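A.B. asks: Structure in structure tokens, see below.
The values are calculated or read from the model by the stated rules, or taken from the named source; none is laboratory data. Just so it is clear, the model here is predicted, and its values are computed rather than measured. No Cβ is skipped: glycine too gets one built from the backbone with ideal geometry, and neighbour counts run over all protein chains shown.
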Amino acid sequence: MKNLVLIILVVAVVLTGCKSKYDHEGKKIFHYNQSEGIQTLDPAFASGQTVMWPCNQLYNGLVDMDDSLRIVPSIAKRWTISPDGLSYTFYLRDDVTFHNTEAYPFKTPRKVTAQDFVYSFSRILDPDVASPGAWIFQKVKRDKDGKPAFKALNDTTFQIQLAEVFPPFLGILTMKYCSVVPKEVVERYGKDFRKNPVGTGPFQFQLWQEGVKLVLRKNPDYFERDEQGNRLPYIDAVAISFIVDKQSVFMEFMKGSLDFMSGVEACYKDALLTKEGTLNPEYKDKIKMLTGPYLNTEYLGFMLKPGDKKNPLLDKRVRQAINYGFDREKMMKYLRNNVGYPGTGGFVPRGMPSHDPARTGGYAYDPAKAARLLEEAGYPGGKGLPPISVAVSASYADLVQYMQHELSQLGIDLRLDVMQGAQQREMMRSYQLSFFRGSWICDYPDAENYMALFYSKNLQPAGSNYTHYVNPAFDKLYEASQRCSDEAQRNDYYTRMDAMLMADAPVVVLYYDKVIRFTQANISGLGTNPVNMLDLRRVKID
């Protein structure tokens with residue numbers, strides 16, 4: 001009966017769009033908006049932030065990642081890795097149960113077992129499921145029939161065998177794809193599991209009116225507790241709205257109808273932020289601003305596939321001149337209110353252990369050096385240099401227009417080819433763009449995720465080497481890093497590889513992103529993390 005009352009209250013709050021400090025009768029409900037909508041609540045399809053955020057409330061995996069990128073226990077209380085690096089054995093908690101919801105009311109508490117992980121991980125690889133996360137298990141050993149080496153040694157011991165050593169593998173298991181799901185529920189609902197989710201997480205599914213509202217309520221049997229022994233989470237429910245217009249979202253937040261807002265949009269950045277990127281003093285008593293490094297590198301990529309010998313971008317000196325030819329510090333201050341860090345120190349972003357600008361080098365603003373490089377390449381003052389086209393989506397046109405103005409002073413005629421994001425990505429993947437805008441958000445906490453973009457064996461269409469960068473010395477270091485289980489040594493390899501990239505200039509690093517979050521003053525316990533995951537387990541509403 002108590003739960004029914006809570007459900008009614010939650011729905012009323014979402015429908016009216018209003019909220020008070022305690023959301024009716026002391027129930028504490030956390031409100032946020034998802035403008036892009038949510039396509040599914042099935043973790044097998046958790047390929048973007050819009051899906052990963054609600055899935056993080058609904059599900060757990062073997063391991064998790066804390067705010068400092070450390071891998072910590074979740075359903076697995078501990079694990080061992082064999083000396084040869086090929087066998088991972090996980091010892092599971094015996095007190096984790098699946099949600100008991102209207103979607104699937106278990107008659108008795110349904111405990112998670114090792115066999116549930118065998119099923120959940122095998123499902124990711126099932127071609128009939130067609131999960132976009134199937135790549136995460138490409139290193140897993142298979143038998144002669146193609147069956148992956150996922151084994152339940154007993155109810156609380158789960159083992160994975162790899163076909164080859166891959167040190168970042170444990171970090172991959174923190175991804176939402178690796179969440180555990182109950183076979184009987186998935187088989188009952190089939191594709192409709194996307195809207196009838198059952199997991200083990202701190203919140204459980206209550207209702208979803210697609211495009212209008214999604215309500216999750218507190219899981220009363222959640223297995224995690226705080227340092228004082230109190231069961232998590234603290235709040236009673238999560239209510240997600242789907243207002244599309246960003247200005248309207250901002251207005252709802254300023255009215256107090258939303259507890260949380262992530263990122264900053266052009267339509268309101270100057271209202272909330274100073275040019276230095278700090279919170280407007282006018283709001284210091286009403287709003288909290290949280291910031292931290294975000295493992296996202298924004299860049300422009302050159303396509304280096306041999307072809308047109310007249311293409312000036314195949315000359316490293318021209319690429320280096322473009323890198324030196326614009327002021328990233330000024331760009332960040334005036335176009336992004338310093339939301340982010342100038343990309344002057346390697347491709348791997350701030351927040352990763354191998355980010356070491358002193359060793360990787362990079363490109364600070366140096367127009368004199370840019371001019372010398374152009375002259376050495378046979379284009380003094382830009383004379384004889386043909387126009388250079390860069391493919392960019394409309395949302396990033398302002399950054400490239402700024403570069404266009406700066407580079408014109410060196411005689412470089414940069415022209416924008418503004419296109420739809422989907423079209424740009426498709427053309428980029430098929431090597432049809434000589435110069436393009438890209439971004440890379442970390443999938444798992446290891447810089448291999450960034451270096452893989454430049455490994456020659458990851459050329460398209462199978463891999464993610466969109467620049468067609470080929471360097472045997474780079475490949476040799478990359479392969480050595482993947483055989484190395486010592487983290488410090490592996491990070492040294494990554495730093496050396498990043499230095500090679502900066503010297504060869506297959507990319508123009510624009511900036512390293514920054515997590516920026518705004519909450520109402522009465523919200524505590526949210527924090528930030530370098531992958532910008534939304535974790536509501538310890539959030540409190542005062």
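A.B. asks: Tyr299 is checked against (1) in contact with a Phe, Trp or Tyr (Cβ under 9 Å, 6 or more places away or on another chain); (2) part of a loop (DSSP other than H, G, I, E, B) and fails just one. What number does that condition carry?
C.D. replies: In the conditions (1) in contact with a Phe, Trp or Tyr (Cβ under 9 Å, 6 or more places away or on another chain); (2) part of a loop (DSSP other than H, G, I, E, B), Tyr299 misses (2) alone.
A.B. asks: When you look at Arg483, is it more than 30 Å from Glu265 (Cβ to Cβ), touching a Pro at 6+ places or on another chain (Cβ under 7 Å) and of a type in the set (Lys, Arg), yes or no?
C.D. replies: Here the answer is no, as Arg483 does not meet what is asked.
A.B. asks: Continuing with this model, one more query. For Pro353, work out the one condition from (1) part of a helix (DSSP H, G or I); (2) modelled with pLDDT under 95 it doesn't fulfil.
C.D. replies: (1)
A.B. asks: Right, Asp192: free of Cβ contacts under 8 Å to residues at least 24 places away in the same chain, under 28 Å from the mean Cα position of the chain (by Cα) and in the same structural domain as Met65 (by TED's automatic domain parsing) or not? Write out each step before concluding.
C.D. replies: Numbers: free of Cβ contacts under 8 Å to residues at least 24 places away in the same chain: yes; under 28 Å from the mean Cα position of the chain (by Cα): yes; in the same structural domain as Met65 (by TED's automatic domain parsing): yes.
In short, yes.
A.B. asks: Taking the condition at pLDDT 95 or above, surrounded by fewer than 19 Cβ atoms within 10 Å (Cβ to Cβ), in the same structural domain as Arg537 (by TED's automatic domain parsing) and not basic (Lys, Arg), does Pro197 pass?
C.D. replies: Answer is no for this residue.
A.B. asks: Could you tell me which residue of the range 394-419 is surrounded by the fewest Cβ atoms within 10 Å (Cβ to Cβ), considering only residues that are free of Cβ contacts under 8 Å to residues at least 60 places away in the same chain and charged (D, E, K, R)?
C.D. replies: Arg415
A.B. asks: Starting from the range 319-341, take each residue that is closer than 26 Å to Pro387 by Cα and list its partners that are among the small types (Gly, Ala, Ser), counting only C-beta distances under 7 angstrom and pairs at least six apart or across chains.
C.D. replies: Arg319/Ala505; Gln320/Ala505; Ala321/Ala370; Asn323/Ala505; Tyr324/Ala370; Gly325/Ala370; Arg328/Gly343; Met332/Gly340
A.B. asks: Considering only the range 364-393, state which residues are buried (at least 18 other Cβ atoms within 10 Å of the Cβ) and of a type in the set (Ser, Thr, Tyr).
C.D. replies: Scanning the range 364-393 gives Tyr365, Tyr379.
A.B. asks: Then there's this: Out of Lys107, Lys27, which single residue is part of a loop (DSSP other than H, G, I, E, B), in the same structural domain as Gln209 (by TED's automatic domain parsing), free of Cβ contacts under 8 Å to residues at least 40 places away in the same chain and more than 30 Å from Arg483 (Cβ to Cβ)?
C.D. replies: Numbers: Lys27 fails: free of Cβ contacts under 8 Å to residues at least 40 places away in the same chain.
Testing whether each residue is part of a loop (DSSP other than H, G, I, E, B), in the same structural domain as Gln209 (by TED's automatic domain parsing), free of Cβ contacts under 8 Å to residues at least 40 places away in the same chain and more than 30 Å from Arg483 (Cβ to Cβ) leaves just Lys107.
A.B. asks: While we're on this one: State which residue pairs qualify: first residue over 22 Å from Lys316 (Cβ atoms) and inside the range 499-519, second residue basic (Lys, Arg) in any location, beta carbons under 8 Å apart, and separation of 6 or more residues or different chains.
C.D. replies: Close Cβ pairs satisfying both conditions: Tyr511/Arg328; Tyr511/Arg336; Tyr512/Arg350; Phe518/Lys288; Thr519/Lys288.
A.B. asks: Further question: Looking at Ala397, Ala452, Ala370 in this structure, which one is aliphatic (A, V, I, L, M), outside any strand (DSSP E or B) and closer than 27 Å to Tyr494 by Cβ?
C.D. replies: Ala452
A.B. asks: Further question on the same structure: For the range 524-542, how many residues are surrounded by fewer than 20 Cβ atoms within 10 Å (Cβ to Cβ) and either of a type in the set (Lys, Arg) or not in a loop (DSSP other than H, G, I, E, B) (or both)?
C.D. replies: 4
A.B. asks: Report whether or not Ala364 is part of a helix (DSSP H, G or I) and free of Cβ contacts under 8 Å to residues at least 60 places away in the same chain.
C.D. replies: No: the conditions fail for Ala364.
A.B. asks: Of the conditions (1) touching a Pro at 6+ places or on another chain (Cβ under 9 Å); (2) outside any strand (DSSP E or B); (3) at pLDDT 85 or above, Asp64 clears all except one; give me its number.
C.D. replies: Asp64 satisfies all of (1) touching a Pro at 6+ places or on another chain (Cβ under 9 Å); (2) outside any strand (DSSP E or B); (3) at pLDDT 85 or above except (2).
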